[in-house]
C-alpha cells in the first residue's frame with residue numbers, strides 16, 4: 001500500500017523547494033561550524049601576508065578601490081573579517097552548482 005499526500009504543489013515545485021531548503025540548511029551548518037574569526041585591524045604588511053601577495057600589490061588594490069580598507073592619519077588599516085569576506089566573494093561556482101541553478105531556473 002502506498003501513502004498519498006495531497007498538495008497544491010507540482011512535483012517540480014516540491015523538488016525545488018526541498019533542494020533549496022537542504023542547500024540553505026547545509027550553508028547554515030557550514031557557517032555555524034566554522035570558528036568565528038576574531039576581527040582585528042591589520043597593517044598593510046599583515047594584510048599582504050593574509051592575502052599571500054606583496055605589499056605593492058595591496059597598494060594597487062587600494063588604489064583601484066578593489067579591496068576594503070580604512071585610512072587614518074596617512075596609514076592604511078584592514079579588517080581581517082572584511083578581507084576574508086572579500087576573498088570569499090570571488091568564489092567560483094562548481095559545475096554541479098551551475099547545473100543545479102540552471103535546473104532551478106528552468107523549473108520556475
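Principal axis extents for the chain, Cα atoms only, whole Å, descending order, please.
Sorted largest first, the three principal extents are 74, 27, 21 Å.
Grab every C-alpha pair in the stretch 38-91, bin the distances at 5 angstrom width from 0 up to the longest one, and report whole percents.
Per 5 Å bin, starting at 0, the Cα pair percentages come out as 4, 21, 34, 30, 10, 1, 0.
Considering the chain as a Gaussian network with a 10 Å cut-off on Cα pairs, which listed residue, 74, 90, 60, attains the greatest mean-square fluctuation?
In this elastic network of the chain, the residue with the biggest mean-square fluctuation among 74, 90, 60 is 74.
Return the single residue from 95, 43, 54 with maximal mean-square fluctuation; model: Gaussian network over the chain, springs between Cα atoms under 10 Å.
So, out of 95, 43, 54, the one fluctuating most is 95.
Bear in mind that the values in this text are calculations on the coordinates, not laboratory data. This structure is a prediction, so every number in the text was calculated from the model and none was measured.
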